[in-house]
Structures are given as structure tokens and as C-alpha cells.
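Bear in mind that the values in this text are calculations on the coordinates, not laboratory data. Since we're looking at a predicted model, the values are computed, not measured. Cβ placement follows ideal geometry from the backbone for every residue including glycine, while neighbour counts extend to all protein chains displayed.
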There are 2 protein chains.
Amino acid sequence: MYEDWAERWRALGDPTRLHILRLLSIRDACVCELVELLPVSQPAVSQHLRKLKYAGFVRDYREKSWIFYALRPDIPPAITQLLQELSIPDTEATWLRSHQVGASCSVPGAVEDDSLKVSE
Amino acid sequence: MYEDWAERWRALGDPTRLHILRLLSIRDACVCELVELLPVSQPAVSQHLRKLKYAGFVRDYREKSWIFYALRPDIPPAITQLLQELSIPDTEATWLRSHQVGASCSVPGAVEDDSLKVSE
DNA sequence: TCATTATATTAGCATATCACAATAGAGTGA
DNA sequence: TCACTCTATTGTGATATGCTAATATAATGA
């Protein structure tokens, strides 16, 4: 009976997933953007996103070549509020706000702009 | 940086610990009372309490032979609120409210009253 | 002090979790 | 269709978690 709730809490119990949620609180992002901003591999990001989706914290939608993830609007306000308390490095917030959605991944025709890259 | 928060969330990510917190939201309880109400062994309860204590959700204090655990008053209201949404079986709530603190454990001089026992 | 009770700790096992590398699947656009 | 990119899945290994049984520690009271 408590297991369902525990599973939801557990989804928040990983630093990488908290990081992802915090990034998504700035704006929707596609997987490849998250991969650029996070210090883990693409499969790791993918699996974290799956857990967050299953737990009901994010939803995904396709747009062109990318699959975007977004915070679900129906997250309990209490949790949203607690997430807001997580600080986020200025570099990351700036990166997300200054990049056009999807513009960071090397898809044909995408803008190449490494000047603001956080990693590497 | 997110690890500290993740650890706190993780403490909530187990059904037995949620159960414990829910019970403590009714009244303080000693370990042996919790052991009676929970379907796990005494060492398991003890270890869960240690995690909850470390995560800052509960405090403990000694009284006579028993060590009581109590919800900490400084839990973020958002979390307290979410905990309130967990239902609790009437049997357990009744048991806790009808028993005198500490009266259920077989200490010399303690009242023997199995009539309201939940388990066995 | 000694026996008893309450709680904590340790040891050991089964399972879950998280990471990466490798691979598979699905769109896109030429 | 083919080549390329993006994302998901699978396999595997290291570590963490949760449980019980056994043991240790601490307080009580005769």
C-alpha cells in the first residue's frame, strides 16, 4: 500500500534525476541536450528519464528528430516547491536559456555553436 | 550537490519507512511498539529508524526502558502534507491511540493487553 | 551484581540500482 | 532506399539496499 508512494519518492532519490528535473524546470529539453549537460552517458540519461516518466514526473513528445522531455504540470505543488529549492549552476541555466531548443545536437542543418558549451 | 537532497528523498523511498512515519504522525512510539505494528523484524525496524533519523525526519529520546521516536517538527511542511495523504488502517490508528505509551512491551510491571493487538 | 528487557549492530544473503559499452530501433532527408 | 542521427534497450559488473539470524550493548530492577 505504501509501495506506490515509495516508488515515487525513490524516483527523486538519485542526484542525477534531481539534476534532470531541475534542468527541466528551466525549459523542456531533448535527450541530447540533457546528455550534454549531465556527467553521465546517454543510456544512463535515457534510463533515468524512463524512471521519471514512469513515476509521473515528466512526459515526452517528439519534435523533428528529437524527443523532448518536460515536467508534468500535475506534479504535486509540494514537490515542485521543494524542487525549486535546488540550486542550479548559472552556467547551466544560461546555457539552456541561450540555446535554441534542439540547436545543440548535431543534426543536419542544426546550428553549430560550441562557444557556450558547458562540458569539454 | 544534489546528493544531499537525493539522500533525503531516498529515505522516503521505502514502504516500511513510510509506514513508520505514518505511524509516528499519530503519536510518538517506542521501537517495540513499532515492531509489533510492522511486518518486519526488530533489527529491520531499528535500521529504518536510523536512516530516518540520519535524514532528519525523526528524533529519539529515552524514557524509562524505552527509546521513543518522534517526527521532527522541522520537517518541510510540504513533506508533512504529503505524508498526511498516506492512509493508515483503522486498526493501527486505534491501537496506537488506545494503548498507553510503552504499555505494549513486556517490561516488568507493564500492562499485559493483547486484546487489541494487530498482529498475531 | 545478576537476570531481564529493549535496542543497536554485525554478518550474510538476495535483490535492486546505477554506471558504461554495445547494440537495436526509429525518424529524417538526400 | 541509404546513410545518418537520436533515443531506447540489453548485457554486465560494481555497489547499495533490505531482510533475517545472531550477537552485542545498555538500562532496569530485584
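So which residues in segment B:55-66 are of a type outside the set (A, V, I, L, M, F, W, C) and more than 10 Å from DNA strand C (Cβ to nearest atom), if there are any at all? Let's see the steps before the verdict.
Of all residues in segment B:55-66, those of a type outside the set (A, V, I, L, M, F, W, C) come to B:56, B:59-65.
Matches in segment B:55-66: B:G56, B:R59, B:Y61.
Return the residue satisfying two criteria in turn: it lies in segment B:20-55 and is within 30 Å of A:I20 (Cα to Cα) and touching a residue at least 60 places away in the same chain (Cβ under 8 Å), and of such residues it is nearest to the other protein chains (Cβ to nearest Cβ).
Out of the qualifying residues, it is B:R22.
For every residue, the table says whether it meets (1) among the polar types (S, T, N, Q); (2) over 21 Å from B:G13 (Cβ atoms).
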position	(1), (2)
A:E36	no, yes
A:P39	no, yes
A:R50	no, no
A:V58	no, no
A:S65	yes, yes
A:P89	no, yes
